[in-house]
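Q: One structure, as structure tokens, below. Some questions next.
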Amino acid sequence: MARIIVPATIAGPVLVCEQGLSFWGGVDPETGTIIDAHHPQHGQSLAGRVVLMPTSRGSCTGSGVLLGLALVGRAPAALIFREAEDVLTLGALVASQMFDRKIAVLRLTPDDYEAVARKETASITPTQLVAGDLRIDLTPVNGTALKLTAGDRALLAGENGPAARTAMEIICSMAAAQGAEQLTDISRVHIDGCIYAGPAFLTFARKMADMGGRVAVPTTMNAISVDHANWRAQGVAESFGGPASRLADAYVEMGARPSFTCAPYLLGDNPAKGEDIAWAESNAVIYANSVLGARTVKHPDFLDLCMALTGRAPQSGVYLPENRRPRLIIDVAKPQGADDAFWPMLGWLVGRAAPDRIPLIRGLEKCAPSEDDLKALCGAFGTTSAAPMLHIAGITPEADLPPVEDAETVRIDGADFRRLWDQFNAGPEKIDLVALGSPHFSAAECRSFAALIAGRQVHETVAAIITLGRATLASIEADGTAATLKAAGVKIVPDLCWCSISEPVFPPTAKVLMTNSGKYAHYAPGLTQRAVRFGSLAQCADAAESGLAPTTRPSWI
């Protein structure tokens, strides 16, 4: 069945994206041009086009980027998916319901999708898609089938105020789009929409705050786009720092905790296995589902606030136990002598092999990855896969769930690691910046890097910067780790992260950066227009001191 999820009447040229795309880090938020250097359609413009892609991938912030493009007239005319998709769908829903900017969203059968992909232009109405001689009737989503509680109906009636009513309307629209039968209570929320990726983010948050929005469940906040207390002293322009800090303030005004970290699982109060939560921020969602065994869909920006204001979420996707089963088996062997770079590389490769399905990784049963290893794996997995979780046999808590009956088996081998190493290390040998903390560094990682850099000095031509959350900063200040890092010339920046950093906190003169993060190695070329080198934490310490990245692959690769 061909479904129209967000109705609109549009027409435009067809653009087929061969792979899923993260709008955050993959699309210029001002022009609509694809900037993901690893994407087959790099350089193409989405503006005004009927865009086909299997599904989206990557960051939950894509919904806000799409809203921003809609508000400046550079959004796609339509988005057509072959698989389930939430992030961009939510952005289109908010654009339509709150700002009267129309972007059609459709989900087609594989056959219809392929047929449209062969056409040059297409037009869409709420009831039909026409492309050349092709005509496809469209079925709207059925919102009347959603079972609502008395509390849900009270929210829709405005008994808790206009912000909660608007939030519940958006939740119900998304629930209908997802095919959910009912909503579920959630115990906590992690907000991703506090990153300032353009005026649309502040416009949305300020509108909800001005309507009296107030969180109904404990709510933490993602990394923001500035060091909230120090951005003026750091030389950040008022035109950016002002709205970025006001965006954070709007969420705090609504009752969110100013945790300002993209790694809420480092805050010490983690959800239990089986607990229904509502986290946005892709790496946190994958970690919560995979490592903690909690339950959360990869919620888009803006929907996160809606759930915080109501304490309710659509009961769909991996909230349901049957949807947590692996749909792909990936066999891998950890090479002898592999260092910590293995885990982010594995995450990236597993995501590429499973771009739209939950995988089960086999072959690592005798390994003992640390929490930071798993954090690095989950962060990198989220850049190449739309799946909200993964399983690792013998390691993660639900890895004994039986795969679906038709699950295929693939293998990741040494040749895959060698190709990825070369891809991540296409930049020059001389580096200007060592970028650590994507996702945010833990206290243990800070201590490890301090041990590696102690007694050494960051090279005079290099900036070495760690981004982390406020709670982690307090911990390493208390035990002396921060002092060791600063003595070696390492800068420590709280509140923001590498996916939201901007100049001049990101050194303007840097041309080549080095990182131990598979997530940032993927996103940095598009976000920063800089060349990238990648390596282990020890290699990053060596590069910080020498100003030079390794010239050869490590022996284990």
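Q: Checking the conditions here, which among 237, 272, 278 is surrounded by 20 or more Cβ atoms within 10 Å (Cβ to Cβ), of a type in the set (A, V, I, L, M) and modelled with pLDDT of 95 or more?
A: 278
Q: Next up: Could you check residue 83 against (1) open to solvent by less than 20 Å² (accessible area, probe 1.4 Å); (2) under 20 Å from residue 24 (Cα atoms) and say which number it fails?
A: The single condition residue 83 does not satisfy is (1).
Q: If I filter segment 424-450 down to residues being in a strand (DSSP E or B) and out of contact with any Pro (no Cβ under 7 Å at 6 or more places or on another chain), which single residue comes out as most open to solvent (accessible area, probe 1.4 Å)?
A: Taking the candidates together, the pick is 430.
Q: To continue, here is another question. Within segment 385-406, which residues are within 13 Å of residue 346 (Cβ to Cβ) and either open to solvent by 10 Å² or more (accessible area, probe 1.4 Å) or free of Cβ contacts under 8 Å to residues at least 60 places away in the same chain (or both)?
A: The one that is within 13 Å of residue 346 (Cβ to Cβ) and either open to solvent by 10 Å² or more (accessible area, probe 1.4 Å) or free of Cβ contacts under 8 Å to residues at least 60 places away in the same chain (or both): 395.
So that you can scan it fast, the table gives a plain yes or no per residue for (1) at pLDDT below 95; (2) open to solvent by 10 Å² or more (accessible area, probe 1.4 Å); (3) in contact with an Asp or Glu (Cβ under 8 Å, 6 or more places away or on another chain):
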position	(1), (2), (3)
519	no, yes, no
531	no, yes, no
538	no, yes, yes
541	no, no, no
544	no, no, no
548	no, yes, yes
556	no, yes, yes
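Q: So, one more: Mind listing whichever residues of segment 4-24 are among the hydroxyl-bearing types (Ser, Thr, Tyr) and either surrounded by 21 or more Cβ atoms within 10 Å (Cβ to Cβ) or within 13 Å of residue 116 (Cβ to Cβ) (or both)?
A: Matches in segment 4-24: 22 only.
Q: Determine, yes or no, whether residue 58 is open to solvent by less than 20 Å² (accessible area, probe 1.4 Å), in a loop (DSSP other than H, G, I, E, B) and either of a type outside the set (Asp, Glu) or touching a Phe, Trp or Tyr at 6+ places or on another chain (Cβ under 9 Å) (or both).
A: yes
Q: Mind checking whether some residue in segment 244-266 is charged (D, E, K, R), in contact with a helix residue (DSSP H, G or I) (Cβ under 7 Å, 6 or more places away or on another chain) and under 17 Å from residue 501 (Cα atoms)?
A: For segment 244-266, residues charged (D, E, K, R), in contact with a helix residue (DSSP H, G or I) (Cβ under 7 Å, 6 or more places away or on another chain) and under 17 Å from residue 501 (Cα atoms): present.
Q: For residue 352, all conditions in the list (1) open to solvent by less than 50 Å² (accessible area, probe 1.4 Å); (2) modelled with pLDDT of 95 or more; (3) within 30 Å of residue 537 (Cα to Cα); (4) of a type outside the set (Phe, Trp, Tyr) hold save one; what is the number of the exception?
A: Every listed condition holds for residue 352 apart from (1).
Q: Output the number of residues of segment 281-296 satisfying the condition of being part of a loop (DSSP other than H, G, I, E, B) and either at pLDDT 95 or above or over 12 Å from residue 189 (Cα atoms) (or both).
A: Total meeting the criteria: 3.
Q: Inside segment 517-552, can you point out the residues that are in a helix (DSSP H, G or I) and aromatic (Phe, Trp, Tyr)?
A: Result: 520, 523.
Q: Quick test for you: out of 138, 134, 106, pick the one residue that is at pLDDT 95 or above, among the hydrophobic types (A, V, I, L, M, F, W, C) and touching a helix residue (DSSP H, G or I) at 6+ places or on another chain (Cβ under 8 Å).
A: 134
Q: Would you be able to tell me the number of residues in segment 290-340 that are open to solvent by less than 30 Å² (accessible area, probe 1.4 Å), touching a Pro at 6+ places or on another chain (Cβ under 7 Å) and either closer than 30 Å to residue 540 by Cα or of a type in the set (A, V, I, L, M) (or both)?
A: Summing the residues that are open to solvent by less than 30 Å² (accessible area, probe 1.4 Å), touching a Pro at 6+ places or on another chain (Cβ under 7 Å) and either closer than 30 Å to residue 540 by Cα or of a type in the set (A, V, I, L, M) (or both) in segment 290-340 gives 6.
The values are calculated or read from the model by the stated rules, or taken from the named source; none is laboratory data. Everything quoted here is computed from the prediction, not taken from an experiment. No Cβ is skipped: glycine too gets one built from the backbone with ideal geometry, and neighbour counts run over all protein chains shown. Just so you know, the surface numbers come from the protein's heavy atoms only, side chains and all, with ligands and any DNA or RNA stripped out. Shrake-Rupley method; radii C 1.70, N 1.55, O 1.52, S 1.80 Å.
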